[in-house]
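Working notes, structure below.
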Amino acid sequence: MKFSLNVDHVATLRNARGEGQPDPVTFALMAEKYGVDGIVVHLREDRRHIQERDVRLLREMITTKLDLEMAAVDEIIEIARDIQPDLVTLVPEKRRELTTEGGLNIIDNVEQLKDAIERLHEKEIPVSLFVEPDIMQIDASAEIGADFIEIHTGVFSNAETEDDMYDELDRIRLAVKHAKKLGMGVNAGHGLDYNNVKEFMQIDGIDEVSIGHAVIAYSVFFGLENAIKRMMELLKID
Ligand code: PXP
């Protein structure tokens, strides 16, 4: 299983002072040095954290892979087509949410998402769709040409009882198998942390996890190198 680091929170901190520090691009380059397999950023329509400048610099400077999370809207699709990240992950986006709140409803937005995928494919950008571990949404993802799905792990991460957590793990296990059978790659993320990731490792077949908040929070106390190394140990990455 590979590990990509989401650096949005570094941009949030930088933007708090309206100046240049801490720079998410420098942070991403250090994260690569400490062993992450990729960098994830979410260029939101309201630009609340990552800016277009960050994405362009990351594209030029990082040597692993750049996963651009974004809404399927014209303005951002055009930016993605121009910058050409290694992967686009389409997510639902609401202006007032604190963070992405759940997977895409592909079934209700087939035309919009299909069009976005086609426009990104024209530039040879692979596309992942952020979805709940729901077989019907996964079928719809394959039908409209997604290369990957990213399974929303928020329900697993926030489960209040062990039973709920194991039920959700079962749903995720079936979802991964189903997506693989349909020929798609499978990523996963949201709310994964140093406590719950061990249980999550019971699931086979996930290509990559995308983790942000927990690793950035840990790095505030213990430094980025320790935060990444510890997560890599838990993910059993050498
Ligand atoms: N994957 C997606 C699609 C997300 O929107 C987020 C949150 O930005 C993450 C993964 C990472 O979630 P977290 O910050 O809780 O690790």
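The values are calculated or read from the model by the stated rules, or taken from the named source; none is laboratory data. Because the structure is predicted, anything quoted here is derived from the model rather than measured. FYI the Cβ positions are ideal-geometry reconstructions off the backbone, even for glycines, and counts take in every protein chain you see. In case anyone asks, the SASA skips ligands and DNA or RNA and just uses the protein heavy atoms, side chains included. Shrake-Rupley method; radii C 1.70, N 1.55, O 1.52, S 1.80 Å.
Residues that are farther than 17 Å from Ala227 by Cα and within 16 Å of the ligand (Cβ to nearest atom) were ranked within the stretch 13-46; the one that is surrounded by the fewest Cβ atoms within 10 Å (Cβ to Cβ) is Asp46. Residue selection: Ile62 fails the criterion of being more than 15 Å from the ligand (Cβ to nearest atom), open to solvent by less than 10 Å² (accessible area, probe 1.4 Å) and not polar (S, T, N, Q). Among residues of the stretch 84-117 being open to solvent by less than 10 Å² (accessible area, probe 1.4 Å) and outside any loop (DSSP other than H, G, I, E, B), the one that is nearest to the ligand (Cβ to nearest atom) is Thr89. Note on the stretch 118-149: residues that are open to solvent by 10 Å² or more (accessible area, probe 1.4 Å) and of a type in the set (Phe, Trp, Tyr) amount to 1.
Of all residues in the stretch 150-164, how many are outside any loop (DSSP other than H, G, I, E, B) and loosely packed, with under 13 Cβ neighbours inside 10 Å? Of the residues in that region, 2 qualify.
Ile216 fulfils the conditions (1) part of a helix (DSSP H, G or I); (2) at pLDDT below 95; (3) open to solvent by less than 50 Å² (accessible area, probe 1.4 Å) except for a single criterion, (2). For Lys198, work out the one condition from (1) assigned to a strand (DSSP E or B); (2) at pLDDT below 95; (3) among the charged types (D, E, K, R) it doesn't fulfil. With (1) assigned to a strand (DSSP E or B); (2) at pLDDT below 95; (3) among the charged types (D, E, K, R) applied to Lys198, the lone miss is (1). Contact annotation: no residue pair with Cβ atoms under 7 Å, 6 or more positions apart or on different chains, pairs a residue in the stretch 75-93 that is farther than 12 Å from Ile117 by Cα and without any contact (Cβ under 8 Å) to a residue 12 or more places away in the chain with a partner that is more than 11 Å from the ligand (Cβ to nearest atom) and open to solvent by 20 Å² or more (accessible area, probe 1.4 Å).
Conditions tested, residue by residue: (1) in contact with a strand residue (DSSP E or B) (Cβ under 8 Å, 6 or more places away or on another chain); (2) within 16 Å of the ligand (Cβ to nearest atom); (3) in contact (Cβ under 8 Å) with a residue 24 or more places away in the chain.
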position: Asn158; (1), (2), (3): no, yes, yes
position: Glu168; (1), (2), (3): no, yes, yes
position: Ala214; (1), (2), (3): no, yes, no
position: Asn226; (1), (2), (3): no, no, no
position: Met231; (1), (2), (3): yes, yes, yes
